[in-house]
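Each value in this text was obtained by applying a stated rule to the coordinates, not by laboratory testing. Please read all numbers here as calculations on a predicted model, not as lab measurements. Glycine gets a Cβ as well: all are built from the backbone with ideal geometry, and neighbour counts include every protein chain shown.
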Amino acid sequence: MVLGVRVFIADENGKFTEQLVHTLDIAPDGARVGGLHQPPRVGQIVAVQRRAVKRSFKVVWVVQTGREYQLGLEASDSVREHWALELPTARDEYRPR
């Protein structure tokens, strides 16, 4: 699902930079985001803001795609409500429409 989000990344001096990016995949426990021009390090904690809600995520991987970067993000707890969407659970059965 593609959603516009803001990613806040702290540099080595503790100064935050903000990048407007987009999700590529979302899940109750993380996300894959793309469109970054300055990536964080693997293992770094970043803040992701969707609407008025801001949460912390751990960067688990970074890959360069052309001039931009994608990040794999992992939450320490469920972030289902962070996306302001109704996400299916593992117990939900898929039913085509």
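Classify the range 4-83 as rounded, prolate or oblate from the Cα gyration tensor: take a ≥ b ≥ c as the square roots of its eigenvalues, call it rounded if a/c is under 1.5, otherwise prolate when a/b beats b/c and oblate if not. Verdict is rounded for the range 4-83. Under 19 Å from the 7 Å Cα→Cβ point of His22, by amide nitrogen: which residues of the range 45-63? Backbone N within reach: 48-51, 63. For the pair Val2 and Ile45, the difference between a 0.36 nm per residue extended length and the Cα-Cα distance amounts to 13.3 nm.
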